[in-house]
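One structure is given here, and the rest of the page talks about it.
Bear in mind that the values in this text are calculations on the coordinates, not laboratory data. Since this is a predicted model, take the numbers as computed values, not measurements. Counting neighbours? That spans all protein chains shown, and the Cβs are built from the backbone with ideal geometry, glycine included.
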Amino acid sequence: MADDVFADTDSWGFETRAIHAGQPHDPVSGAVVVPISPATTFAQEEVGVHRGYEYSRTGNPTRTSLEVCLASLEGGAHGLAFASGMAAEDTLLRTLTPGDHIILGNDAYGGTFRLISAVVAPMGVKWTAVDLTDPDALAAAVTPATRLIWAETPTNPLLTIIDIAAVAETAHASGVRLVVDNTFATPYLQQPLSLGADVVVHSTTKYCGGHSDVVGGFLALDDDELAARLAYLQNAVGAVGSPFDNFLTLRGLKTLPVRMDRHCRNAAAVADLLTGHSKVSGVLYPGLEDHRGHDVAERQMSGFGGMVSFRLAGGREAAMRLASSTKVFTLAESLGAVESLIEHPGAMTHASAAGSPLEVPDDLIRLSVGIESNGDIIGDLSDALDRL
Ligand code: PLP
């Protein structure tokens, strides 16, 4: 990524950097919005003499703006944007070699589990799923071959909170890198690098993009050597998004702080509605004081996020019925956008984890609480629960 566009924005506040980092006014027209640069190739004055760009898979000006902006928001020296969260994860996992070992949290996005267990493992990389909230279990799982500990926090879909600083300490004591998937929290609520993580992973498809209109992924990190290897792999493997994709994600980031404030407020109200409701047997929201990870969340996050999961007293059948009986909440996969979504993880996003240590309960519902009017969100859910 070109360095010059980030030159004097690092002292600015989060909200200012979300709008301006990596996004200088266009030098030709003065346009205040970064142009979508569709060019696949860039003129060279002499062989090898150019303005930082040669070929668009290797580097693209719109992608550079996104990479600089989101790296800045994560507090990382380096950022790399990809065509999807899975593409970002895959590229990072390609730094491993046969015989290496990964420790994966036992509550994680089903696609991450599928990538590690069904794609990377057959190439000779070993993995163990561990409860990352249990320090003894984590310490016992580390082997001389362990290279990565892969954590999500809050996790998808159980909203478990992992103590990033504590896991980083265990990882670093054994020379292991800690990867934190920050998709649920976003850099607005939590900055894993500042807590000791080595690499931050994002599905920017979610809150970063924020409007259910672009798929993307991201890696943020400080380590120069690893960043150079990842940039090499980004180009060599080529899992990059289009300039239009990068533009949409960049546009989404501009409103991340205001959207997250509203997501947090609406989700807290939903968690209140569900707590103690006769049709609900348990609410998973880190903002609730009786949530197992509440204290850690309060320490490492500046808000509790927009995701709420809960279990139905009526079991799987009630969960299935509820999922298809809301109006403001749309029954759909994905999360993190302006509209409220409802889903049944066991049958949808986490179906690939069935029968594994990452299997989720079948009475579980996951909500991505949007930024619609609070009364409409609460009314819709309350009516649907009453109809069960
Ligand atoms: N990480 C988490 C926590 C996710 O929820 C997802 C997708 O739902 C991914 C990674 C994968 O991202 P993508 O769908 O952009 O490939």
Ordered by fewest other Cβ atoms within 10 Å, a rough proxy for footprinting exposure, 127, 12, 150 read 12, 127, 150
Integer Hz, Karplus 6.51/-1.76/1.60 couplings in order for segment 274-284, x for Gly and Pro: 6, 5, x, 5, 5, 8, 10, 9, x, 10, 10
Partner lysines whose C-alpha sits under 22 Å from that of residue 279, ignoring same-chain residues fewer than 8 away, are 327
Give me a comma-separated list of calculated 3J(HN,Hα) values for segment 247-256, in order, Karplus coefficients 6.51, -1.76, 1.60 applied at θ = phi - 60°, integers in Hz, x for any Gly or Pro. 4, 5, 5, 4, 5, x, 4, 4, 9, 3
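Tell me the relative contact order for segment 3-254 as a rounded percent, counting alpha carbon contacts under 8 Å between residues six or more apart.
Working: 486 pairs, mean separation 59.8, N = 252.
Relative contact order here is 24 percent.
Take every DSSP beta bridge whose two residues both sit in the chain, then give the antiparallel share in percent to the nearest 5. Please report the intermediate quantities before stating the final value.
Numbers: 24 of 43 bridges.
About 55 percent, rounded to the nearest 5.
Order these by the 10 Å Cβ neighbour count, fewest first: 358, 66.
Values: 358 23, 66 32.
Ranking 358, 66 by Cβ neighbours within 10 Å, fewest first, gives 358, 66.
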Just for the Cα atoms in the chain, what are the lengths along the principal axes, largest first, rounded to whole Å? 73, 51, 33
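Within segment 30-129, list the GluC sites (Glu not before Pro) lying in a DSSP loop whose Cβ has at most 12 other Cβ atoms in a 10 Å radius. Write out the running numbers ahead of the final one.
Working: sites: 45, 46, 54, 67, 74, 89; in loops: 45, 54.
Hits after loop and neighbour filter: 45.
Once the Cβ-Cβ distance between residue 351 and residue 131 is put in as r, and R0 is 25 Å, what FRET efficiency do you end up with, to the nearest 0.05?
Details: r = 22 Å, r/R0 = 0.88.
For residue 351 and residue 131, the calculated efficiency is 0.70.
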Amide H neighbours of residue 203 under 5 Å, at least 5 residues apart or on other chains, H built in the peptide plane: list them. 183
With an 8 Å cut-off on Cα pairs and a minimum separation of 6 or more residues, tell me the relative contact order of segment 256-386 in percent. 28
Residues whose placed amide H lies under 5 Å from that of residue 37, excluding near-sequence neighbours: 62
Expected unfolding gain across residue 123-residue 321 under the 0.36 nm per residue rule, minus the alpha-carbon gap, is 67.2 nm
Rank-order 258-264, 305-311, 284-290, 168-174 by packing density, defined as the average count of other C-beta atoms within 10 Å over each peptide's residues, highest first. 305-311, 258-264, 284-290, 168-174
Residue-ordered couplings for segment 175-180, obtained by feeding phi - 60° into the Karplus form 6.51 cos²θ - 1.76 cosθ + 1.60 and rounding to whole Hz (Gly and Pro as x), are x, 9, 8, 9, 9, 10
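Which trypsin sites (Lys or Arg not before Pro) from segment 46-116 combine a DSSP loop assignment with at most 12 other Cβ atoms within 10 Å?
On the way: sites: 51, 57, 63, 94, 114; in loops: 51, 57, 94.
Those that pass, being in a loop and sparsely packed, are 51.
222 nm [θ] for the chain, helices only, -39500 (n - 2.57) per DSSP H run of 4+, per residue, to 500? Don't skip to the end; give the middle numbers.
Working: 13 runs with 131 residues, N = 388.
Rounded to the nearest 500, the figure is -10000 deg cm²/dmol.
With +1 on each Lys and Arg Cβ and -1 on each Asp and Glu Cβ, how big is the dipole of segment 152-249 about its Cα centre, in debye rounded to the nearest 20?
Working: 3 positive and 11 negative charges, 40 e Å.
The dipole of segment 152-249 has a size of about 200 debye.
If you average the sequence gap of Cα pairs under 8 Å that are 6 or more apart and divide by the length of segment 18-161, what percent do you get for the contact order? Don't skip to the end; give the middle numbers.
Numbers: 172 pairs, mean separation 26.8, N = 144.
Averaging sequence separation for qualifying contacts and normalising by length gives 19 percent for segment 18-161.
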Compute the length gained on full extension between residue 373 and residue 272: take 0.36 nm times their separation in residues and subtract their Cα-Cα distance, giving the result in nm to one decimal. 34.8 nm
Going fewest to most other Cβ atoms within 10 Å around each Cβ, 320, 301 line up as 320, 301
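According to the Kirkwood expression over distinct Cα-Cα pairs, how big is the hydrodynamic radius of segment 256-386, in Å? Could the numbers behind the result be given before it?
Numbers: mean 1/r = 0.0674 Å⁻¹.
It works out to 14.8 Å.
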The rounded separation in angstrom of the Cα centers of segment 113-168 and segment 203-237 is 20
Using a basic spin-label model with each label point 7 Å from the Cα along Cα→Cβ, how many nm lie between residue 228 and residue 45? 2.6
Would you mind getting me the FRET efficiency between residue 213 and residue 33? Use the beta-carbon distance for r and R0 = 22 Å, nearest 0.05. 0.85
